[in-house]
1. Given the options 226, 233, 246, name the one that is modelled with pLDDT under 90 and in contact with a strand residue (DSSP E or B) (Cβ under 8 Å, 6 or more places away or on another chain).
2. Please specify each residue of the range 191-201 satisfying the condition of being touching a strand residue (DSSP E or B) at 6+ places or on another chain (Cβ under 6 Å) and modelled with pLDDT under 90.
3. Which of the residues spanning the range 65-88 are in a strand (DSSP E or B) and buried (at least 19 other Cβ atoms within 10 Å of the Cβ)?
4. Does residue 183 qualify as being in contact with a strand residue (DSSP E or B) (Cβ under 9 Å, 6 or more places away or on another chain) and either exposed (fewer than 12 other Cβ atoms within 10 Å of the Cβ) or in contact (Cβ under 8 Å) with a residue 24 or more places away in the chain (or both)?
5. State whether the residues of the range 282-289 include one that is outside any strand (DSSP E or B) and either in contact with a helix residue (DSSP H, G or I) (Cβ under 9 Å, 6 or more places away or on another chain) or touching a residue at least 40 places away in the same chain (Cβ under 8 Å) (or both).
6. Taking the stated definitions as given, is residue 104 within 22 Å of the chain's Cα centre (by Cα) and farther than 30 Å from residue 181 by Cβ?
7. Being assigned to a loop (DSSP other than H, G, I, E, B) and surrounded by fewer than 17 Cβ atoms within 10 Å (Cβ to Cβ) is the filter here, so list the residues in the range 133-176 that pass it.
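The values are calculated or read from the model by the stated rules, or taken from the named source; none is laboratory data. This is a predicted model, so every value here is computed, not measured. We place every Cβ from the backbone using ideal geometry, glycine too, and count neighbours over all the protein chains shown.
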C-alpha cells in the first residue's frame, strides 16, 4: 500500500513538472511583463494621414531581465505640431498580423531634429525609445508604421521601411509585402442565433482599397474543429457576407481553459475590397457555423464607406 502511494505521489509530481515545462514559456513571456516592455494596445488604426516623419537611429537585441527584447531608438513627429503632449504607438505589420505597441518613453528631447527640419514653436520632444518583446516577432520582416495622437487628433503612417530580424541582428530595409488573400462575397442563408457566441474583433482597419478585419470567435460549449467564420456588413436591412481565412489562435484556448475545449481554430482574417461596397454606414457582424449549429452576432463597431 505504501509503495502504491509513493508511485501515485511520484506520478503526480512528474505530471506537475511536465505541465510547468509546457506552460513556462507562456507564463514568463506572455503573462508576466518585464519593466520597460512595450505593451500591446487595443486601438483601431485610423485612416493614413501621411503627415508623419520618422527615423530609426538604433536597433539592438538585448536582455530585458529574463526576456529577449528588440530595443528601438529614434525620433518621430507630425508636421505642424504645436503641443508637447502626445501618445505614440509603434505599428508592426507582417502578412495578416498587425501589432500596435504603446511607446511609454515617447517624448525624449531632440532639438537636433527640430533644427534639421526647421521646426518652429520650441517643440523638441520628438525622440522615443521602445523595448519590443522578441517572442511577438516570429516573422523575419516587419513593416514599420506609427500612430501619433495629439491635440490635432490621430495621425497614422505606414512606411515602406521594415525591420528584418535574423539571429541576433536587426536591419532596417525596404519592405517587400507578401500578397494578402482577398475575401470573396458569398451568398448564404443566415440562420438565427442557435448558440451563444464568444468573440472579439481585434483589428478593424480601413486603408486604401481594403477593409481588413481580424479577430476570433466560437460557439459556446463546442470545440472549433470544422468551424467556419464569415464577416457580416449590415447596411439598414441589407447584409453582405464575406468569407474569412482561418487563423490559429492558441491564446484563445489558453484564455478559456476553464471550458476544457480546443479553441485553436477560432481566429479569422478577412480583407474585403471596398470598391465592392455601396456608399453608407455598415455595422460589423460575425456569422459562425459548425455543422448544423450556427450563430449570428453584431458588434458595436461601424464602418463608414464614403467613396
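1. Numbers: 233 fails: modelled with pLDDT under 90; 246 fails: modelled with pLDDT under 90.
The conditions single out 226.
2. 191, 193, 194, 195, 197
3. If we filter the range 65-88 for residues that are in a strand (DSSP E or B), which is where we start, we get 67-78, 87-88.
Scanning the range 65-88 gives 69, 70, 72, 74, 75, 76, 77, 78, 88.
4. On the way: in contact with a strand residue (DSSP E or B) (Cβ under 9 Å, 6 or more places away or on another chain): yes; either exposed (fewer than 12 other Cβ atoms within 10 Å of the Cβ) or in contact (Cβ under 8 Å) with a residue 24 or more places away in the chain (or both): yes.
Judged against the criteria, residue 183 is a match.
5. no
6. Yes: the conditions hold for residue 104.
7. Correct list: 138, 139, 140, 151, 152, 167, 168, 176.
A quick yes/no check of all residues on (1) closer than 15 Å to residue 55 by Cα; (2) loosely packed, with under 15 Cβ neighbours inside 10 Å:
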position	(1), (2)
96	no, no
100	no, no
104	no, no
107	yes, no
111	yes, yes
119	no, no
122	no, yes
126	yes, no
131	no, no
